[in-house]
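What follows is a single structure, written as structure tokens, with notes after it.
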Amino acid sequence: MVAVTEIVYRKVLRPLLFRLEPETAHRVTLAWLAMLPAITRTDDQLLAIRLWDLDLTNPAGLAAGLDKEARALAAWRTLGFGFAEIGTITPMPQPGNERPRMWRLPERRALINRLGFPSAGMLAISPRLESFRRRNPGLRIGLNFGPNKNTPPARVADDYAQLILRLGHLADFIVINVSSPNTPGLREWQAPAAIGTLLAAINLARGNLPRHPPVLVKLAPDLDQEAVVKICAAAEAGGVDGFVAGNSTLARAEVGLTDDRQGGLSGEPLRERARALIRMVYQASGGRLPIIGVGGIMNAVDAWGHIRAGASMVELYTGFIYEGPALIGAIKHGLLHLMKSGGWRSISEAAGSASR
């Protein structure tokens, strides 16, 4: 079945979608996925993982950016994901940057985007999440939060606090996005002193929730080792529960690409840069805090490499665009083979084994 799905996608659906402008293709895909019924998939117990008192049936999740407004929630479990990260969500609605703002690089299996957090806003997204939670409590959902573009720096922490107070009770975990390259000044909040200020406001807001979901900070893959060490220390001191490593990259020559279009690069060229960040975060945090590894995952070997580098969970976006829905099943099947052939007893045991 997986092989048939892969052939249909590669030979029929992908060529049709790739004739469309990328954002149009994105909307068409989400509209189709939104029609899929919720079907619970059974995963091999070897893939199960428990983090932050959460049980996940497998470590492969949907990365933020694909379902920004929670329009296709049921589809992600139906397709076999262990969890889905929704967003980036901003407090108030905003259109994002002007078009064109997304480009495909098929020869490199990559994307460039400068979307700039287009969002319907937290009040529009909240009812969809609440409705889905009532009907399908099984899917683990992460919510990715970011500030509005026109929020002055002195109010950015308040934006994150608002989001947590309004939507935090609907999240299994929360991701604080301070690493998108497409919102001016956002990456400055990765600085140790700045991240401490954000986490203080975030933890204060989280304390008002009936349940305290774990908070993760999403870091950029363009940080050097010294910066990562300082950021991880400040974040851990501020009470962070984990990290997402990482986001899209502004690098071009460093990943073997010549392209002057502005925006963050994702996909296959990002893989080694993302893995280096995962390794640095794992070592800087001493393996104490879970990491979600993101960037360049196109197959099970890529996912396994991120896990061995330090990730307890992995996420897909660009790989899903190029390889189609069969990729999730192929990754899970491949991870099982790699674990069994290597004698690994769990994902948790393997996480970080190449970075110790």
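Data table
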quantity	calculated
Residue in the range 207-216 that is farther than 24 Å from ALA311 by Cα and basic (Lys, Arg) present	yes
LEU170 being among the aliphatic types (A, V, I, L, M), under 19 Å from the mean Cα position of the chain (by Cα) and buried (at least 24 other Cβ atoms within 10 Å of the Cβ)	no
Residue that is nearest to the chain's Cα centre (by Cα) [pool: residues in the range 244-275 that are assigned to a helix (DSSP H, G or I), surrounded by fewer than 24 Cβ atoms within 10 Å (Cβ to Cβ) and of a type in the set (Lys, Arg)]	ARG271
Helices (runs of 4 or more DSSP H) (entirely within the range 276-356) containing at least 1 residues that are surrounded by fewer than 18 Cβ atoms within 10 Å (Cβ to Cβ)	300-309, 326-342, 347-350
Any chance LEU199 is crowded, with 24+ Cβ neighbours inside 10 Å, at negative phi, touching a residue at least 24 places away in the same chain (Cβ under 8 Å) and not in a loop (DSSP other than H, G, I, E, B)	no
Unmet requirement for TYR317, which otherwise passes all of (1) touching a Pro at 6+ places or on another chain (Cβ under 9 Å); (2) closer than 21 Å to LEU115 by Cβ; (3) aromatic (Phe, Trp, Tyr)	(1)
Test result for LEU216, crowded, with 18+ Cβ neighbours inside 10 Å, within 30 Å of ARG101 (Cα to Cα), hydrophobic (A, V, I, L, M, F, W, C) and in contact with a helix residue (DSSP H, G or I) (Cβ under 8 Å, 6 or more places away or on another chain)	no
Members of the range 328-356 found to be within 30 Å of PRO15 (Cα to Cα) and without any contact (Cβ under 8 Å) to a residue 40 or more places away in the chain, listed by number	GLY334
Strands (runs of 3 or more DSSP E) contained in the range 14-82 and holding at least 3 residues closer than 26 Å to SER248 by Cα	60-62
In the range 283-303, residue farthest from ALA233 (Cα to Cα) [restricted to those that are under 17 Å from the mean Cα position of the chain (by Cα) and not hydrophobic (A, V, I, L, M, F, W, C)]	ASN299
Residue selected from the range 214-241 under the condition part of a loop (DSSP other than H, G, I, E, B) and touching a residue at least 60 places away in the same chain (Cβ under 8 Å), by the criterion farthest from ARG166 (Cα to Cα)	PRO221
Candidate set: the range 110-158, residues that are of a type in the set (Ser, Thr, Tyr) and in a helix (DSSP H, G or I); chosen: the one modelled with the lowest pLDDT	SER131
Which listed residue is more than 20 Å from the chain's Cα centre (by Cα), in contact (Cβ under 8 Å) with a residue 60 or more places away in the chain and over 25 Å from ALA34 (Cβ atoms), from ARG108, ARG114	ARG108
Selection status of ARG211, surrounded by fewer than 17 Cβ atoms within 10 Å (Cβ to Cβ), farther than 30 Å from ARG101 by Cα, over 17 Å from the mean Cα position of the chain (by Cα) and among the charged types (D, E, K, R)	yes
Filter result for ALA161 (under 18 Å from the mean Cα position of the chain (by Cα) and part of a helix (DSSP H, G or I))	no
Of all residues making up the range 231-243, the number that are of a type in the set (A, V, I, L, M) and surrounded by 16 or more Cβ atoms within 10 Å (Cβ to Cβ)	4
Residue under evaluation PRO91, criteria (1) over 15 Å from ALA171 (Cα atoms); (2) buried (at least 18 other Cβ atoms within 10 Å of the Cβ); (3) without any contact (Cβ under 8 Å) to a residue 60 or more places away in the chain, criterion not met	(3)
Residue that is farther than 30 Å from ALA205 by Cβ, out of contact with any strand residue (DSSP E or B) (no Cβ under 7 Å at 6 or more places or on another chain) and aliphatic (A, V, I, L, M), where the choices are VAL255, VAL301	VAL301
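The values are calculated or read from the model by the stated rules, or taken from the named source; none is laboratory data. Being a predicted model, the structure only gives us computed values, none of them experimental. No Cβ is skipped: glycine too gets one built from the backbone with ideal geometry, and neighbour counts run over all protein chains shown.
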